[in-house]
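Novice: Below you'll find the structure I mean.
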Amino acid sequence: VVTYFNGSTKEIIWSQTEKIHWPSGGPPLDNPPCVFSTDDPSCNDGQLPVLGIVAVGSGLALIIFGISSFLIYSQSESILIRGVAEERWRSSYPRELAVQQVLQGFQTS
């Protein structure tokens, strides 16, 4: 323990045996640069702002949605066309023509 806080006197009592080992050799600044004020151009670290990240993420999601919608639609179309093509065996064109000729024969006689 490095310090004690005496609440009745509102004082910080520092330990005589323990010391704080600061990474920079001393305590941090009260107003560190690039934390509270980012007006200094040297504070710009080149990262995208939050709006840019949201825009890129939304754009990618929209592209993925569009591609997947196209693939699902094209697959459903090919299944539908294949299904219609397989139904041709059910209709017999010569038989239908024969029925029409018979019906026309009844109408003329």
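The values are calculated or read from the model by the stated rules, or taken from the named source; none is laboratory data. The structure presented is a predicted model; accordingly, all values stated were derived computationally and were not measured. Only protein heavy atoms, including side chains, enter the accessible area calculation; ligands, DNA and RNA are left aside. Shrake-Rupley method; radii C 1.70, N 1.55, O 1.52, S 1.80 Å.
Novice: Across region 61-109, which residue is nearest to the chain's Cα centre (by Cα) among those that are modelled with pLDDT of 70 or more and charged (D, E, K, R)?
Specialist: GLU77
Novice: Which one of these does SER58 not meet: (1) farther than 30 Å from THR3 by Cα; (2) at pLDDT 70 or above; (3) open to solvent by 80 Å² or more (accessible area, probe 1.4 Å)?
Specialist: The one condition SER58 does not meet is (3).
Novice: Would you please name the residue that is most open to solvent (accessible area, probe 1.4 Å), looking only at residues in region 2-22 that are among the aliphatic types (A, V, I, L, M) and under 51 Å from the mean Cα position of the chain (by Cα)?
Specialist: ILE12
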